[in-house]
Amino acid sequence: MKKFSCFILFTSIILTGCSSSPPQVKASTPLIDSVASSINTSSIPKSLWADLSSKSNGTIVRHQQFEVEFGYAYFSALGQKCRQLYISSISSDVITPKQKRIACLKKNDLSWWLMPQVVDNQGDNYHFDAL
């Protein structure tokens with residue numbers, strides 16, 4: 001009888017805990033504040049757009065004072081077509097070390113944009129702004 005009473009008590013406690021709803025939690029501060037729309041990007045020159053879509057991995061293209069090596073293409077978590085780039089600055093036939101960057105295709109106007117660095121690459125920042 002004592003075992004049966006303990007079993008009933010234990011079962012009722014378990015069922016009560018499983019059947020009650022969890023407490024409602026309200027966040028006072030949003031975790032994401034429209035990050036995707038406020039990302040600071042720089043436009044890639046139109047003359048490179050066709051190359052970004054068609055060139056194979058390892059292809060190197062010179063564009064003014066830059067040497068651009070194309071890496072692999074992939075789709076980002078946001079569904080954008082993106083591609084790795086390795087960019088070097090060329091001045092007087094001196095090539096600086098390559099910097100890994102990501103370029104993504106914006107669906108709304110089919111333009112390519114250089115995405116901001118998530119991790120700093122030793123302070124080297126190459127932008128196509130001067131083009």
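The values are calculated or read from the model by the stated rules, or taken from the named source; none is laboratory data. Keep in mind that this is a model prediction, so the values were computed, not measured. Cβ placement follows ideal geometry from the backbone for every residue including glycine, while neighbour counts extend to all protein chains displayed. Side chains included, ligands, DNA and RNA excluded: accessible areas come from the protein's heavy atoms. Shrake-Rupley method; radii C 1.70, N 1.55, O 1.52, S 1.80 Å.
A few points about this structure:
- Residue count, region 75-94 (criterion: touching a strand residue (DSSP E or B) at 6+ places or on another chain (Cβ under 9 Å) and surrounded by fewer than 12 Cβ atoms within 10 Å (Cβ to Cβ)): 2
- Residue list for region 50-85, restricted to those being assigned to a strand (DSSP E or B) and either in contact with a Ser or Thr (Cβ under 6 Å, 6 or more places away or on another chain) or at pLDDT below 90 (or both): Ile60, Val61, Arg62, His63, Phe66, Glu67, Val68, Phe70, Cys82
- In region 1-49, the residue that is most open to solvent (accessible area, probe 1.4 Å) out of those that are at pLDDT below 75 and within 27 Å of Glu69 (Cα to Cα) is Asn40.
- Whichever residue in region 86-97 is assigned to a strand (DSSP E or B) and out of contact with any Asp or Glu (no Cβ under 7 Å at 6 or more places or on another chain) and, among such residues, is nearest to Ile60 (Cα to Cα): Ile87
- Which numbered condition Pro116 fails, given (1) at pLDDT 85 or above; (2) surrounded by 12 or more Cβ atoms within 10 Å (Cβ to Cβ); (3) part of a loop (DSSP other than H, G, I, E, B): (1)
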